[in-house]
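A quick write-up on the structure given underneath.
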Amino acid sequence: MRTIEIGYFLSVVSFLALLFSSNPYVFLWGWLFFLIGCFLVTIDPRHLKEDWEVKEIEERWAEKKRAREQRRLQKQNGKAKH
């Protein structure tokens, strides 16, 4: 998982804890995790880069994923032939 997904998850879960907390410790932990989640969302490289840089990064990720999938299929086909 990337930092942004973890950050969103932490923010949403802790926000719900803040809304429904009756215990002061849950409230404080909720705030702490909410702030950590917001921090993780803001440090995600997609927010820190320009749009063209983000597209380049995502293209590289997609290329690596395609190459991995192709290698996996080649291995699978090689095993099937023997």
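The values are calculated or read from the model by the stated rules, or taken from the named source; none is laboratory data. Note that the structure is predicted; figures quoted are calculated from it, not measured. Neighbour counts run over all protein chains shown; Cβ positions are idealised from the backbone, glycine included. Just the protein is used for accessible areas: all its heavy atoms, side chains included, with ligands, DNA and RNA removed. Shrake-Rupley method; radii C 1.70, N 1.55, O 1.52, S 1.80 Å.
For the chain, the solvent-accessible area works out to 86 Å² per residue, with a probe of 1.4 Å and every protein chain left in place.
Percent of C-alpha pairs per 10 Å bin in the chain, short distances first: 17, 26, 21, 17, 13, 5, 1. Annotation: peptides 28-34, 16-22, ranked by per-residue average of other Cβ atoms within 10 Å with the highest first, follow the order 28-34, 16-22.
Summing Cβ point charges (Lys, Arg +1; Asp, Glu -1) relative to the Cα centre of the chain gives a dipole of roughly 860 debye. Using the Cβ-Cβ distance between GLU69 and PHE27 with R0 set to 41 Å, the FRET efficiency from 1/(1 + (r/R0)^6) comes to roughly 0.35. Taking the chain as the region of interest, the number of lysine pairs whose Cα atoms are within less than 20 Å, with members eight or more places apart or on different chains, is 4. Axis of helix 24-42 versus longest Cα principal axis of the chain: the two differ by about 40°, to the nearest ten degrees.
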